[in-house]
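Participant: One structure, pasted below without further comment.
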Ligand SMILES: *[C@@H]1O[C@H](CO)[C@@H](O)[C@H](O)[C@H]1NC(C)=O
């Protein structure tokens, strides 16, 4: 029944899936000078976040001058109002690593006086476990959807479902192709 070719193919697919779900470390902003007030509205950290796909188990890494700045993880409300008074977590070591143990949005703001108001803040949206980094079909959840006074969970939810369905269709198509070859 199970031909050697099929077994090898299945093994290859397994390796690819395993590789795509390896935990990654993301240097916030892509370089060590990024936890700063953005120099222009098109250079915000949320633009950087939107170009990346974060998965459960990945980590964020911040590099900054610990004498001038800090990283605060806050609620959505405190993110939107730049309220630094009671963060969920506070990091001021200059070399901060935050693990992302669940899917959904995370909100970070600068603890430096007035910096959040000038745009030194970040939303990272971690994909649910069923989305694959290598999928390509499913769109990454966008931080922009969370970055405003009104949330549209419906549109986000619908997109997600479409993404998962798209992924399934892709997998089925590959299986049919493999079955034809054999
Ligand atoms: C910041 O948040 C705290 C706790 O929710 C609240 O007591 C405080 O009034 C807020 N500060 C501002 C300036 O909104």
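Values in this text are rule-based calculations from the coordinates and carry no lab data. In this text the structure is predicted, and so the values were computed from the model without any measurement. As a convention, Cβ positions derive from the backbone with ideal geometry for all residues, glycine included, and neighbour counts pool all protein chains shown.
Participant: By how many nm would the segment from residue 174 to residue 89 lengthen if fully extended, with 0.36 nm per residue of separation less the alpha-carbon distance? Before the final figure, lay out each step's value.
Facilitator: On the way: separation 85, 0.36 × 85 = 30.60 nm, distance 4.41 nm.
Extra length from residue 174 to residue 89 when fully extended: 26.2 nm.
Participant: Show me the ranking of peptides 40-50, 86-96 by mean Cβ neighbours inside 10 Å, starting with the highest.
Facilitator: Top to bottom by mean Cβ count within 10 Å: 40-50, 86-96.
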